[in-house]
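First comes the structure, then the notes that go with it.
The values are calculated or read from the model by the stated rules, or taken from the named source; none is laboratory data. These numbers were taken from a predicted model, which means no experiment stands behind them. Cβ placement follows ideal geometry from the backbone for every residue including glycine, while neighbour counts extend to all protein chains displayed. Heads up: the accessible areas ignore ligands, DNA and RNA and are worked out on the full protein's heavy atoms, side chains in. Shrake-Rupley method; radii C 1.70, N 1.55, O 1.52, S 1.80 Å.
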Amino acid sequence: MRIPRALALCAAIALVPRGALAEPADRTAEADARFRRGVELYGEADYIAALTEFRRAYALAPAYQVLYNIAGACYQLRDYGGARIAGDRRAEVERDIAVLRGRVATVALSTSAPGVEISVDDVPVGKTPLAEPLLLSAGRRRIVVEAPDRPAVVRVIDVAGGDHVQLRIDLPEARALRDEGAGSPVASSSAQPGAPVERAPRAARSAPVLPWIATGTLAAGAAVTGIIALGASADLQAALDAFPGDARAIDRERKRTATLALTADLLAGAAVVAGGVSLVLTVVGGGPERGDGARAPSPSVRLVCTPSSLQLVGSF
């Protein structure tokens with residue numbers, strides 16, 4: 001027969017107070033060995049031998065955990081005769097029970113919905129409504145309630161020994177109901193099946209192509225002219241370095257270099273201005289289409305030249 005889980009757990013717990021017992025080391029070691037032998041015999045369904053080993057272990061090193069194993073063996077032997085328990089043994093058991101009661105708290109837990117799974121410190125303890133209050137060890141306890149289609153709710157409580165706590169946990173609304181309320185609107189029932197759904201006209205903007213082409217052309221012209229101007233400048237320097245120098249050749253190369261440099265500067269400036277105009281037209285150009293298909297009036301932009309600057313004037 002398989003030993004109950006609670007009894008196996010008690011076997012592990014009973015080893016904990018070994019160092020705390022004011023008993024000689026050899027007595028504690030013998031009690032531990034007998035207790036383990038009793039667990040083995042219990043697993044083999046030899047309850048009489050197991051009961052003997054448990055009682056001998058308790059006599060060597062009294063620990064309240066062993067009493068649970070003694071009670072389990074008596075239960076399997078159908079030995080319910082409480083009258084045969086010696087008075088001193090009964091007094092010991094009652095003292096142990098009193099100590100345990102001072103170290104646990106009862107929590108009457110309820111939820112706003114039935115059938116909710118309850119876990120305490122990540123250990124499932126049942127579903128609501130619970131048949132009896134939860135018996136929890138003193139300290140900080142983490143309670144989690146979970147239900148289908150609902151977010152889990154976590155409560156952390158601090159309980160002391162002997163506390164009697166009433167705890168109610170309200171769960172949020174079901175996810176399905178919340179998602180249905182937040183979903184997209186449903187089409188009107190008056191619409192005919194298969195009929196096209198009218199949609200609001202989309203606002204469209206046209207991108208100005210020609211201004212950007214002009215900008216690119218001017219920028220390319222400025223780059224090419226600048227390269228030619230550099231070549232002319234190199235020719236001018238070569239003419240200046242020649243000996244004997246040719247005054248007419250030097251004058252010709254100087255004029256050519258100045259003309260190309262001025263042209264490159266003008267093309268570069270025009271490219272910058274055209275780029276600014278193209279950018280403005282891209283942002284506000286064309287205007288959005290109105291509902292009747294007509295296009296909103298385009299902004300008015302013009303370039304004004306002054307003796308000291310170039311200005312972009314218009315209404316947007």
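Kindly evaluate I118 against the criterion of being more than 29 Å from H164 (Cβ to Cβ) and surrounded by 15 or more Cβ atoms within 10 Å (Cβ to Cβ). Quick ask: steps written out before the conclusion?
Numbers: more than 29 Å from H164 (Cβ to Cβ): no; surrounded by 15 or more Cβ atoms within 10 Å (Cβ to Cβ): yes.
The answer is no for I118.
Kindly list the number of the only condition in (1) surrounded by 15 or more Cβ atoms within 10 Å (Cβ to Cβ); (2) within 50 Å of the chain's Cα centre (by Cα); (3) of a type outside the set (V, I, T) that fails for R155.
(1)
Can you name the number of the only condition in (1) exposed (fewer than 15 other Cβ atoms within 10 Å of the Cβ); (2) farther than 24 Å from A98 by Cβ that S137 fails?
Only one criterion in (1) exposed (fewer than 15 other Cβ atoms within 10 Å of the Cβ); (2) farther than 24 Å from A98 by Cβ is unmet by S137, namely (2).
Out of curiosity, is T128 free of Cβ contacts under 8 Å to residues at least 40 places away in the same chain, in contact with a Leu (Cβ under 9 Å, 6 or more places away or on another chain) and open to solvent by 50 Å² or more (accessible area, probe 1.4 Å)?
Working: free of Cβ contacts under 8 Å to residues at least 40 places away in the same chain: yes; in contact with a Leu (Cβ under 9 Å, 6 or more places away or on another chain): yes; open to solvent by 50 Å² or more (accessible area, probe 1.4 Å): no.
The answer is no for T128.
State all residues of the stretch 30-55 that are surrounded by fewer than 16 Cβ atoms within 10 Å (Cβ to Cβ) and basic (K, R); if no residue qualifies, say none.
Residue satisfying the conditions is R36 alone.
With respect to T106, determine if the residue is at pLDDT 90 or above, among the polar types (S, T, N, Q) and farther than 30 Å from R141 by Cβ. Write out each step before concluding.
Numbers: at pLDDT 90 or above: yes; among the polar types (S, T, N, Q): yes; farther than 30 Å from R141 by Cβ: no.
No: the conditions fail for T106.
Just name the residue that is modelled with the lowest pLDDT out of those in the stretch 197-215 that are more than 22 Å from A261 (Cβ to Cβ) and either assigned to a helix (DSSP H, G or I) or in contact with a Leu (Cβ under 6 Å, 6 or more places away or on another chain) (or both).
Our first condition is that a residue be more than 22 Å from A261 (Cβ to Cβ); within the stretch 197-215, this holds for 197-214.
So of that shortlist, the ones also either assigned to a helix (DSSP H, G or I) or in contact with a Leu (Cβ under 6 Å, 6 or more places away or on another chain) (or both) come out as 208-214.
On the way: P208: 72, V209: 79, L210: 82, P211: 81, W212: 79, I213: 89, A214: 84.
Within the stretch 197-215, the match that is modelled with the lowest pLDDT is P208.
How about the stretch 232-285: which of its residues are farther than 27 Å from P211 by Cβ and open to solvent by less than 40 Å² (accessible area, probe 1.4 Å)?
Step one: list which residues in the stretch 232-285 are farther than 27 Å from P211 by Cβ, which gives 232-259.
Residues satisfying the conditions are A232, L236, A239, A249, I250, E253, T257.
Criterion first (open to solvent by less than 50 Å² (accessible area, probe 1.4 Å), in contact (Cβ under 8 Å) with a residue 24 or more places away in the chain and not aromatic (F, W, Y)) does V107 satisfy it?
Details: open to solvent by less than 50 Å² (accessible area, probe 1.4 Å): yes; in contact (Cβ under 8 Å) with a residue 24 or more places away in the chain: yes; not aromatic (F, W, Y): yes.
Answer is yes for this residue.
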